[in-house]
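Here's the structure we're looking at; comments come further down.
The values are calculated or read from the model by the stated rules, or taken from the named source; none is laboratory data. The model shown is predicted, which means the values in this text are computed figures rather than measured ones. Positions of Cβ are generated from backbone atoms using ideal geometry, with glycine treated the same way; all protein chains shown enter the neighbour counts. Ligands, DNA and RNA are stripped out before the accessible areas are found, and what is left, the full protein with its side chains, is counted by its heavy atoms. Shrake-Rupley method; radii C 1.70, N 1.55, O 1.52, S 1.80 Å.
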Amino acid sequence: MSVLHIQTPLIESRALSALLGRPVWLKLENTQPSGSFKLRGIGHACQWHVRQGATGFVSSSGGNAGLAVAYVGRKLGVPVTVVVPETATERAKELIRMEEASVIVHGAAWHQAHSYAQTMANASTPLIHPFDDPLLWEGHASLVDEVAHAGLRPDLLVCSVGGGGLLQGMLTGLDRQGWQDTVVMAVETEGAASFGAALQAGHPVTLPAMKTIANSLASARVCDAVVQSALSHIVRSALVSDAQALSACQRFAYDHRILVEPACGAALAALYETPQAVGDARTVLVVVCGGVGVVTG
Ligand SMILES: *Cc1c(COP(=O)(O)O)cnc(C)c1O
């Protein structure tokens, strides 16, 4: 079976390079057919399960993860059920149905949808977790492989953090390349700072509430593995406001004619708002994680 994600463009940002006074490269995950990097890990995980005999998939995400599972199901010819919380937008549900998956609305928030999805899953119809699964991290790591293959070695890698699957995938990829000295800037919005809180505490903590416009980052707790990995890598936590994330989306659209959702705007905002935070890094790589949440409602 060939992989389901595409090799995304890696382009230099003139605007950000000029602002930061050094080359800033963009890995354009918004160009994945499902609209985000999620396809890398989820494609990898689903193909693995199909080889083990899986005949269907369940997802618990009303966002980019659910859409990626739905996309993969259609490509592999395997039925998919996506349980989404009541907060999922009409547009998200429409996009998932367009991938021929069934949508079930259950629960006020992700956690309830996830618990319900767990009851639907079984050995032949596994639940594909949106961020806490080593198969996902292995798949996400292919992003770093592509960067290495293109001959680029960043001193600083910037990405956003929700449940920590993307970050854990990037750290997995850095390990694969032997790039332990690459500094990673892990960006969250202030109302969803579960990774920042875990770094401070030295262990994962569950935040009482999420308050952010960046839905894809609204995970009250990050996976254990990423907190563990942060101990053996150079990972810095950075926080931006919702307003900064939104304004970064606008600025990025103006600079590059590409529209991304606020979760991705957060990573961009860390550079637009605090260019001095790159320190002495000579080459910067930003994971433009993408996201279909560019329209609301
Ligand atoms: C899922 C997602 C994130 C966060 O990824 P995690 O693996 O949950 O940390 C960030 N941006 C976008 C667009 C996403 O879909």
**OP:** Please find, in a Gaussian network model of the chain (springs between Cα atoms separated by less than 10 Å), the residue of 221, 91, 251 whose mean-square fluctuation is greatest.
**Re:** 91
Subject >> Label-point separation in nm, residue 19 to residue 108, each point 7 Å along Cα→Cβ >> reply: 3.8
**OP:** Find the eigenvalues of the gyration tensor of the Cα atoms of the range 109-208, then list the square roots of 5 times those eigenvalues as equivalent ellipsoid semi-axes, largest first, in whole angstrom.
**Re:** 27, 20, 10
Subject >> Paramagnetic reach from residue 118 in the range 46-85 [backbone N under 20 Å; point 7 Å along Cα→Cβ] >> reply: 57-63, 65-66, 81-85
Original post:
Over its Cα atoms, what ratio of radius of gyration to 2.2 N^0.38 Å does the range 227-297 give?
Top reply: 1.20
Subject >> Note, ³J(HN,Hα) from phi for the range 188-194, Karplus 6.51, -1.76, 1.60, rounded to Hz, x at Gly and Pro >> reply: 10, 7, 4, x, 9, 8, 6
Original post:
Using the Karplus equation 6.51 cos²θ - 1.76 cosθ + 1.60 (θ = phi - 60°), what ³J(HN,Hα) coupling, rounded to whole Hz, does each residue of the range 142-156 give in order, writing x for Gly and Pro?
Top reply: 4, 4, 5, 4, 5, 5, 4, 4, 6, x, 9, 10, x, 7, 9
Subject >> the range 38-130, Cα convex hull volume normalised per residue, Å³ >> reply: 69
Subject >> Per residue accessible area in Å² of the chain, where ligands, DNA and RNA are left out and the probe is 1.4 Å >> reply: 41
**OP:** Go from 0 up to the bin containing the longest alpha carbon distance in the chain, width 10 Å each, and give me the % of pairs per bin.
**Re:** 7, 31, 38, 20, 4, 0
Original post:
Which of 162, 107, 53 moves the most in a Gaussian network model of the chain with Cα springs under 10 Å?
Top reply: 53
**OP:** Compute the separation of the alpha-carbon centres of the range 122-191 and the range 196-215 and state it in Å as a whole number.
**Re:** 19
Subject >> Fluctuation leader among 263, 245, 225 - the chain, Gaussian network, Cα springs under 10 angstrom >> reply: 225
Original post:
Rounded to the nearest 0.05, what FRET efficiency do residue 241 and residue 94 have when you use their Cβ-Cβ distance and R0 = 51 Å?
Top reply: 0.95
**OP:** Please report, as a whole percent, how much of the solvent-accessible surface of the range 38-130 comes from carbon and sulfur atoms (probe radius 1.4 Å).
**Re:** 51
Original post:
If you average 1/r over all unlike Cα pairs in the range 157-244 and invert the result, what Kirkwood radius do you get in angstrom?
Top reply: 12.8
